[in-house]
Amino acid sequence: MEIRDGLGLSPRKAAYIRFICEKEGQVRTNDLAARFSVDPSTVTKTISELVDDGLLTHTPYYGVRLSDAGRSYAAFLVKRHRILSLIFTHFGLSDEQACDEVSRFESLVSKDAIDRMCCAMGHPRQGVCGEITHDTGCLDHVR
C-alpha cells in the first residue's frame, strides 16, 4: 500500500502501525491485544488485513513487523502526529493536551495538508514528542 493521500487506513489500523513502529521490531499478537484492550482474534483479523495491504510481515508464533512499505507509512503517521501536535502547542495547549487532541482527529488529515503545513512552518525538525522527518512530499512544496 502506498501512502497517496494518507487516508487509506482506519484510525485503528493506523494506531497498530504506529505502535509496531514504536516497538522497533517484532510485536506479538498478545502485545497488540493488551495495548488496545481487544480480543486476540480481533488483532489477528486486523494483522491479516495489514499483511494483505503489504504493510506488515507475519511470522507465525513470533509476531509481526513492519515491511518496507509499513515503515514508510509509519514515518508518515508519526510525522502527521508531530506536525499537528506542534501546531496545537503554538495555540496554547500543553504538549500532553496537544497529543491527546490530535489523536482524536489526525486520521482525517491528508498527506497533502500535512506537507503544506510542514512547509508553511519552515520544515520544523523537532515536534513535541520527537524528531520530525521530512520527505520529498513536503520538501517539494514551495511557500
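Observations
- Debye-formula intensities of segment 11-66, expressed as log10 I(q)/I(0) at q = 0.24, 0.30 Å⁻¹, are -0.92, -1.57 (one equal scatterer per alpha-carbon, no solvent).
- Positive dipole terminus of segment 11-66, leading residue within Y62, A14, F36 (C-beta point charges): F36
- Ranked list, fewest to most other Cβ atoms within 10 Å of each Cβ, for R12, R104: R104, R12
- Treating each Cα of segment 75-139 as one equal point scatterer and applying the Debye formula with no solvent, the log10 of I(q)/I(0) at q = 0.14, 0.16, 0.22, 0.27 Å⁻¹ comes out as -0.33, -0.43, -0.84, -1.26.
- Of the complete DSSP H runs in the chain, those spanning 20 angstrom or more by Cα along the long axis with a mean Kyte-Doolittle score not below -0.5 are 68-90.
- Here the simple spin-label model places points 7 Å from the Cα toward Cβ, and for T42 and D68 these points are separated by 3.4 nm.
- Test item: Cα-centred dipole of the chain, Lys/Arg +1 and Asp/Glu -1 on Cβ, debye: 60
- Proxy reagent accessibility, fewest Cβ within 10 Å first, across S72, S110: S110, S72
- 11 Å beta-carbon shell around G63, net charge (K/R +1, D/E -1): +2
- Treating r as the C-beta distance of L7 and N30 and R0 as 41 Å, the FRET efficiency rounds to 0.85.
- The alpha-carbon of K79 sits under 18 angstrom from the alpha-carbons of these lysines, leaving out residues fewer than 8 places away in its chain: K13, K23, K111.
- Put in order of Cβ neighbour count within 10 Å, fewest first, the listed residues I87, I20, I114 become I87, I114, I20.
- Radius 9 Å from Cβ of R80, net charge of other residues (Lys, Arg +1; Asp, Glu -1): +2
- Ratio of Rg to Rh over the chain (Cα coordinates, Kirkwood Rh, two decimals): 0.99
No value in this document is a laboratory result; all are computed from the given coordinates. Quick caveat: nothing in here was measured; it's all calculated off a predicted structure. When we count neighbours, we look across all protein chains shown, and the Cβ atoms used for this are built from the backbone with ideal geometry, even at glycine.
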